[in-house]
Each structure stands twice: as structure tokens, then as C-alpha cells.
Amino acid sequence: MADVAAFLRKEPELYVVYDENVASLAREVLEALPVKGSFGLKTSEQRKTLETVQGLCRQLLEAGASRNACLLAIGGGITTDMTGFAAAIYKRGIRYSNLPTTLLAQVDAAIGGKTGVNLDGYKNMLGTFRMPEYTFLCADVLKTLPPRELRAGLAELLKTFLIGDAEAYEQAVRFFADPRSDISGLITRAAQIKADIVAQDPEEHGIRAKLNLGHTFGHAIEHEAQKKGDDIHHGEAVAMGMILAARLSERMGLAPEGMEEKLRADFQALGLPAECPYPPETLTAAMALDKKAAEGRVKWILLEAPGRVIIKEMTVKEAMDDLR
Ligand code: GLY
């Protein structure tokens, strides 16, 4: 925790928001830093709501947090997304930093300033862009991460490499087949690729949309899972979504034959689910509500080759026709 303390020691009004699942890590940080207050969150996609963020803002108000306050989020993507959102709206905006404790948050959610909550089961429908002051990447905190959580993060890591670094993709596939591997170099590389894309297009008017590879399908899979009470993690849905995106790319003649099969084999070797359990037609309504959709057209992120993706606007119907 040495780095976190060095960067945040001088904060005059620091408040820590932590996932109760990582309370012992939060305690370490609280002991190392002068903190005005700390708030524990019970996290789940169902609790990732405006009401939870409102509750957090109320606690800040009751604690006397001023516009000089800075929040430190300790937890996974749900915690960093909600803390960032609270920071964006409390008293019209205060600062925040992230100490992500899951691989998924380290390589994706906690980087780039997308904050928000779900609405009626639709993912991240309410939110803002607000950049964190710092995101602290600490591979050590992943040592106690349950294997399923680690694999879910791996899906986002592979996604980033499929977008921007073919060599790192192959390296990651080899690397993760050996559970004793040191992961920190790959985390840094993925974080760097994402940070570079975000720096060019912070509010997603153009190339940042590439980071949504697998997400149009993935968010619809998550929505369907929530409706049915099935337990599918975001990272797992993204893995299934990337397979569907590869299939669509192949069917449209953008990717060489065998791309879907390659991804499926790679993902399965790493213990990631590759098959979407729902027929694609059941996902269409949720996909049409994709945040990135405008006038019925969705920005599909399609794979030409590992390390190379393109953005193509099409209606959900056009995409579904191609997928058949
Ligand atoms: N998770 C995609 C993005 O941050 O743009």
C-alpha cells in the first residue's frame, strides 16, 4: 500500500468507499492514511443503482464532506463505477481515485472515467464520464481473488489485446495456461493500451468504442441472465460476446475463416465460457437498447484479426441477418 499512501497522504479530506468483500485490505489503507470517513458497500449488479449512490452521497453529506473532498474507491468495477458516479454528482463534482481489487477493474473498469449505475436491469444506463485522479494497479491484491473472478477479468484483458496487441494476446493465452505466472506485466500493458485509446477519445465519439468489443452481445447476455435468474459474470458475458462478434466478422467476410474457432479454443483452454446459452434472437431487444445505438443503428466492433478491430454501424436486424 506504500504507493497509495504516498500519493494520497496530503489529501485534506479523504473518504474511502470500499467493497465489504475487501474490508481487510480497506483496513490496511485506513491505517496508512489520514481518512475522514469510510463507507462499506455490499456490491452486486442488482445493488448497482441510483439508490445506492444516493445513499453514499447522503453519508458524505452527513460526514460533512466539502467540495475539496476526495474519494478513494477500493473494490471491483461495481465499487469504482459507483464511487466515480457519486464523485461526479456530489456537490456538482469532487475528485476520486481507484484502488481496483479485481483483474477486471484493473485492466478495464477503473481506467478511463466511465462511471455509472444500472437502470431496470439495463447495464450502466445512467452515468457520466469523470476521470479518476489516480488508478493504483497492484497485482498483489489479486492473490486472494476467487478463480472465477480472475478468469472473468482475463476476458477483458484478452479483449484489450484483441483490440490493440496481437503479440500480447498470444502471450496472455500462453501465460494464463500456467497459473504460477506473474501477471503484472500483462496488466500494465493492457492498462496502457486502454489509457492510450481513452486519451485520444475520452468521451467515446470515435475510437474508444473499440473497447466495447464483445459488449453489445455481452450486455444483452447479462440482461437476459438477470431476467432468467442465471448467474453469468460480466467478464463471462464479454467472452461469449467476443465469440459472437468473431462469428459475425467471419460471416461478413471481414475476418478470415477460423477466427471464431480460434477464439473458442483459446477461451476454453483458459476456462472461459465460450457458448452463449441463449439463442441470438432472444438478445435482439436488449441489443437495440445498447447505449451506443443511435436511430436504430448500433456500433458493432468487428474483428479483422487479433490486434485489429473495426467499427461498423448496422441495425440489430442487419447484424442478426448476417449472423445466421
Ligand atoms: N469498458 C469500455 C470503456 O471503458 O470504454
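In table form, for the structure just shown:
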{"read-out": "DSSP beta bridge pairing in the chain, given as percent antiparallel to the nearest 5", "value": "45"}
{"read-out": "Where only C-alpha atoms are counted, convex hull volume of region 1-106 per residue in Å³", "value": "86"}
{"read-out": "Reach of Lys317 by Cα under 12 Å, taken over aspartates and glutamates that are not fewer than 8 positions away in the same chain", "value": "Glu281"}
{"read-out": "Entries of Lys159/Lys312; Lys114/Lys227; Lys10/Lys42; Lys36/Lys143; Lys159/Lys194 with Cα pairs more than 22 Å apart", "value": "Lys114/Lys227; Lys10/Lys42; Lys36/Lys143"}
{"read-out": "In range of the label at Asp231: residues from region 1-40 whose backbone nitrogen is under 17 Å from the point 7 Å along Cα→Cβ", "value": "21"}
{"read-out": "CD proxy at 222 nm, helix term only [per DSSP H run n ≥ 4: -39500 (n - 2.57); per residue of the chain; nearest 500]", "value": "-14000 deg cm²/dmol"}
{"read-out": "Largest-first principal axis extents, alpha carbons of region 231-324, Å", "value": "39, 33, 22"}
{"read-out": "Per residue convex hull volume, Cα atoms of region 144-275, in Å³", "value": "124"}
{"read-out": "Relative packing of 165-174, 105-114, which averages over residues the other C-beta atoms within 10 Å, highest first", "value": "105-114, 165-174"}
{"read-out": "Gyration tensor over alpha-carbon atoms, the chain, equivalent ellipsoid semi-axes in Å", "value": "33, 22, 17"}
{"read-out": "Share of alpha-carbon pairs per 10 Å distance bin for region 271-324, given as whole %", "value": "21, 46, 31, 1"}
{"read-out": "Inter-part distance where region 132-178 and region 231-291 are each reduced to a Cα centre, Å", "value": "19"}
{"read-out": "Per-residue ³J(HN,Hα) for region 146-159, Karplus 6.51 cos²θ - 1.76 cosθ + 1.60, θ = phi - 60°, Hz, x for Gly and Pro", "value": "x, x, 5, 5, 5, 5, 4, x, 4, 4, 6, 5, 5, 4"}
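We did not get these values from a lab; they are worked out from the coordinates using the rules stated. Since this is a predicted model, take the numbers as computed values, not measurements. Counting neighbours? That spans all protein chains shown, and the Cβs are built from the backbone with ideal geometry, glycine included.
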